[in-house]
Amino acid sequence: MSEQEFTAHPTAVIDEGCKIGKGTRIWHFSHIMSNCVIGENCNLGQNVVVSPDVILGNNVKVQNNVSIYTGVICEDDVFLGPSMVFTNVTNPRSAVNRRGQYAKTVVGKGASIGANATIVCGHNIGRYAFIGAGAVVTKDVPAFALVIGNPARQTGWMSEYGHKLKFDNEGIAVCPESGQKYQLTNNQVTRIA
């Protein structure tokens, strides 16, 4: 870990054994705990906690007041909105030590999780999924899905650029910003062009 490869505010605490990629920025009062891996060009806002053994890919954006607990893996280009929450134990009790029983949660490439959303551990978020602000995710979310509410329910599909997709009778949709085409087949979305 070389100070010239990434930038950390003087109030940030970075424990031994972390791997932090080139161009990453860590802001005020954040704590990066031992043995976590943070990719290149990430941005971790104020008051962010990254617990031991967490893995963040490249270009992950973590907004203020987010705790990323052991068991979480975020692939490249993930966005974690302000004050969103990950859990890591399904049945926590203060008097019962459940270290070593942390459930794994994988957030797929390009997924966005809105402000104040909660991701209950053990549920994976598909590539380019979009979790609305305040949603409570209690089951796996498919790739490109838009989910909102408590408990979170799917209300549509999103493009890689974050636009709601409108499918025609043949199951084809076009992103209004990028022009990328998507196919909806058997309740799964894939990008076709």
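A few notes on this one:
- When residues of segment 28-44 are limited to those that are of a type outside the set (S, T, N, Q) and in contact with a Lys or Arg (Cβ under 8 Å, 6 or more places away or on another chain), the one farthest from residue 67 (Cα to Cα): 40
- Residue ID - nearest to the chain's Cα centre (by Cα), chosen from residues in segment 76-117 that are under 30 Å from residue 164 (Cβ atoms) and among the hydroxyl-bearing types (Ser, Thr, Tyr): 112
- In the set 60, 49, only one residue is out of contact with any Pro (no Cβ under 9 Å at 6 or more places or on another chain), hydrophobic (A, V, I, L, M, F, W, C) and over 19 Å from residue 124 (Cα atoms); that residue is 49.
- Complete set of residues in segment 158-190 that are surrounded by 16 or more Cβ atoms within 10 Å (Cβ to Cβ), in contact with a Lys or Arg (Cβ under 7 Å, 6 or more places away or on another chain) and either part of a strand (DSSP E or B) or hydrophobic (A, V, I, L, M, F, W, C) (or both): 158, 173, 174, 182
- Any chance residue 141 is surrounded by 16 or more Cβ atoms within 10 Å (Cβ to Cβ), without any contact (Cβ under 8 Å) to a residue 60 or more places away in the chain, in contact with a strand residue (DSSP E or B) (Cβ under 9 Å, 6 or more places away or on another chain) and closer than 26 Å to residue 22 by Cα: no
- Only listed residue being buried (at least 20 other Cβ atoms within 10 Å of the Cβ), under 26 Å from residue 118 (Cβ atoms) and not aliphatic (A, V, I, L, M), chosen from 34, 30: 30
- Looking only at segment 84-124, and only at residues there that are β-branched (Val, Ile, Thr) and touching a Cys at 6+ places or on another chain (Cβ under 9 Å), the one that is surrounded by the most Cβ atoms within 10 Å (Cβ to Cβ): 107
Values quoted throughout were computed directly from the atomic coordinates according to the rules given, and no laboratory measurement underlies them. Remember, it's a predicted structure, so these values are computed and weren't measured experimentally. Methodologically, a virtual Cβ is constructed for each residue, glycine included, from the backbone with ideal geometry; neighbour enumeration extends over all protein chains shown.
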